[in-house]
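Working notes, beginning with the structure itself.
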Amino acid sequence: MTDQHITNEALYAATDWFVKLTSGDETEQDKRNWQAWINDDPTHELAWQKIEAVTRQFSGLDSQASSVVLNRKQSDLASNDRRQALKAFSVLFVVGSASWLSYEKKPWYLLMSDYSTAVGEIKNITLEDGSRLVLNTNTKVAIEFNDQTRAIRLLQGEIFIETAQEQDRNYRPFSVITSHGRVTALGTKFSARLKSKHSSVNVYQDAVEVRPCDGLDNTVVVNAGELVTFNRAFSQQKKLIDSASMAWINGFVIADKMSLADFVDHLSRYHSGILRCDPAVADLTISGAFPVNDLNAALTSISSVLSIRVERYTRYWLTIKPA
């Protein structure tokens, strides 16, 4: 059986086992469960061997199957070291297995994150250079600062950046990197969002330079008040941003004659479950400011002005229907 027969599910599980068994908190039951998982399917063992082979490359692990990994203690591998190991992990797979599975779909990619938010959570962070970073709901980022550059790798979700001007040191460019390209700040405030097929950038102050991964001749400068969407090959035509597009930073969705379908789409990003809008009421419009961290309050508010009702199938599955 070859690498091509290893499923994404097996890779996700093997990566999860790798992290668990090097956490320092692993138990004998964890090890037994891991062994049962290995024995359950030949692809599980192949996925583990693939991960074990790469860990030997960056950690100097010997060839004795699994024993070194399983015996590592917290003192041997601190949490920050594990995160750095996972970053190296992804790089080595990119170099050695580019044709085996595309980089942005690798299951360990999201494990590289230095900061993350859960669904419905918004987090403010001050970076070591003084820059402000805000993570929107369900977001993951990896910080890659060194002597030459400052970079944030957006692995999932959406972020807002207010870059700091560094003092008493050589200038280091500040960039946000997504699977579709690189956004370089030209002294600015901006947001970036990653979706499956494209990334987007909203600029609120000064400007940024957007360079798609595979479109080296398609660099575009986006100025304050503009947004652009781009994929790996090219950038779309710039547009004007919605003045309410950064309201999420303060925990709100601002609607100005927004269709109910679009409003529900915005709110659903902050809901751990299914939030749907019946097509019969999708074209109703709503205006106002609504908290993203209090779904019940938002739904109660719109129910008071629109002829709708909220049908709850479970705690996590809600549908907005005609009253």
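The values are calculated or read from the model by the stated rules, or taken from the named source; none is laboratory data. Predicted model only: the values in this text are computed from it and were never measured. Please note: Cβ atoms are built from the backbone with ideal geometry, for glycine as well, and neighbour counts cover all protein chains shown.
Exactly one residue among V210, V292, V264 is assigned by TED's automatic domain parsing to the domain that holds T184 and either closer than 18 Å to N136 by Cβ or out of contact with any Cys (no Cβ under 9 Å at 6 or more places or on another chain) (or both), and that residue is V210.
Residues of segment 201-219 that are surrounded by fewer than 21 Cβ atoms within 10 Å (Cβ to Cβ), among the polar types (S, T, N, Q) and assigned to a strand (DSSP E or B): Q205 alone. Among the residues of segment 241-275, how many are part of a strand (DSSP E or B), surrounded by fewer than 19 Cβ atoms within 10 Å (Cβ to Cβ) and at negative phi? So the count comes out to 5. Does segment 276-285 include one or more residues that are farther than 26 Å from T117 by Cα and in a strand (DSSP E or B)? The answer is yes, given that some residue of segment 276-285 is farther than 26 Å from T117 by Cα and in a strand (DSSP E or B). The set of residues in segment 300-313 that are surrounded by 15 or more Cβ atoms within 10 Å (Cβ to Cβ) and within 16 Å of K257 (Cα to Cα) comprises S301, I302, L306.
Considering segment 1-55, the residues that are among the hydroxyl-bearing types (S, T, Y) and over 26 Å from S113 (Cα atoms) include one that is modelled with the highest pLDDT, namely T43.
Total residues in segment 171-196 satisfying the condition of being at negative phi, in a loop (DSSP other than H, G, I, E, B) and either small (G, A, S) or in contact (Cβ under 8 Å) with a residue 12 or more places away in the chain (or both): the figure is 7.
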